[in-house]
Amino acid sequence: VFEHLVKISPASLAAWRGLFMAQSSADNTAQALATNARIPAPIHAQLMRDPDFLRTLASVYSAAGRDADAQRVLRSALDLPFPADAHGVKAETELQYAGLLQQANRLDQAGGLYRQLLAADPGNTAAWQGLIRVEHALKQDAQALETLESMPPANYDQAMRDPGFETTVASIYQAQNKLDIAQSILEKRSEEHTSELQSHHD
């Protein structure tokens, strides 16, 4: 439908935006990138001021392995004035950007961004996980342990449901010579995994 719309109304911002977003949702990375290159310049300039479009474009660049482009796009999204009711969108964009910085090994910057997110919203589980992963990657395990212990209990419970994060936490305790705690985390995880397999089997 959107392909048809851009043919009949090539000057329609909504048609181009809709086509790009639809291709991105369907994981058609190559098509979405081709569409982005086809959008007429005046319309593209307007879309580059739309935080939602920019976040989606960053995801498409990431999927295509173009992390530097994805970072650039998210950086420009964060420089835009977000509407007052778009707090959630801004936080999501910052998380996406921090994740990319982390992948690019710009750990200090990523850590700073996660701290900023937590200052604004101490209930952001993904930001807690990100900060602890960054501190561990920087070999700041004593700091990571402090961060872990300052997490609100509900966020801690939610974060520890992620097996990858659980392993990071066990590594932090291990690095701090708290081997009994590290072992109990890994044993608990192994028991959960066994019971999950059991329930799949049943």
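Counting only protein heavy atoms and using a 1.4 Å probe, the accessible area of residue 151 comes to about 10 Å².
For the stretch 55-162, the alpha-carbon coordinates run over 36, 32, 23 Å along the three principal axes, in decreasing order. In the full protein context, the chain carries 55 Å² of accessible surface per residue, based on a 1.4 Å probe and ignoring ligands, DNA and RNA. With a cut-off of 13 Å between beta carbons, the residues surrounding residue 176 carry a summed charge of -3, where Lys and Arg count +1 and Asp and Glu -1.
Along the axis of the charge dipole computed for the chain (Cβ charges of +1 for Lys and Arg, -1 for Asp and Glu, origin at the Cα centre), the listed residues 100, 120, 199 are led at the positive end by 100. The separation of the stretch 75-134 from the stretch 1-69, counted between C-alpha centres, amounts to 24 Å. Simple rule: put +1 on each Lys or Arg Cβ and -1 on each Asp or Glu Cβ in the chain, find the dipole, and look at 167, 45, 156; the Cα lying farthest toward the positive end is 45. The candidate values are [x] 1.06; [y] 1.26; [z] 1.18; the one derived from this structure for Cα Rg over 2.2 N^0.38 Å carries the label [y]. Around the Cα centre of the stretch 1-84, unit charges on the Cβ atoms of Lys, Arg, Asp and Glu (plus for the first two, minus for the last two) sum to a dipole of about 140 debye. Anisotropy class assigned to the stretch 1-84 is oblate, per the alpha carbon gyration tensor with a/c at or over the 1.5 cut-off and a/b no larger than b/c. What does the C-alpha gyration tensor say about the overall shape of the stretch 109-202? Classify as rounded when a/c is under 1.5, otherwise prolate if a/b is larger than b/c, or oblate. Taking the square roots of the gyration eigenvalues as a ≥ b ≥ c, the stretch 109-202 is oblate. Rounded to the nearest 10 degrees, the inclination of helix 125-137 to the longest alpha-carbon principal axis of the chain is 70 degrees.
Rounded, prolate or oblate: which fits the stretch 95-135, taking a ≥ b ≥ c as square roots of the Cα gyration tensor eigenvalues, rounded meaning a/c under 1.5, else prolate when a/b beats b/c? It comes out prolate by the Cα gyration axes.
Over the chain, dividing the summed -39,500 (n - 2.57) contributions of all DSSP H runs of at least 4 residues by the number of residues returns a 222 nm mean residue ellipticity of -24500 deg cm²/dmol.
The values are calculated or read from the model by the stated rules, or taken from the named source; none is laboratory data. No experiment lies behind these values; they were computed from the predicted model shown. Glycine gets a Cβ as well: all are built from the backbone with ideal geometry, and neighbour counts include every protein chain shown. Accessible surface is based on the protein model in full, side chains and every heavy atom, while ligands, DNA and RNA are left aside. Shrake-Rupley method; radii C 1.70, N 1.55, O 1.52, S 1.80 Å.
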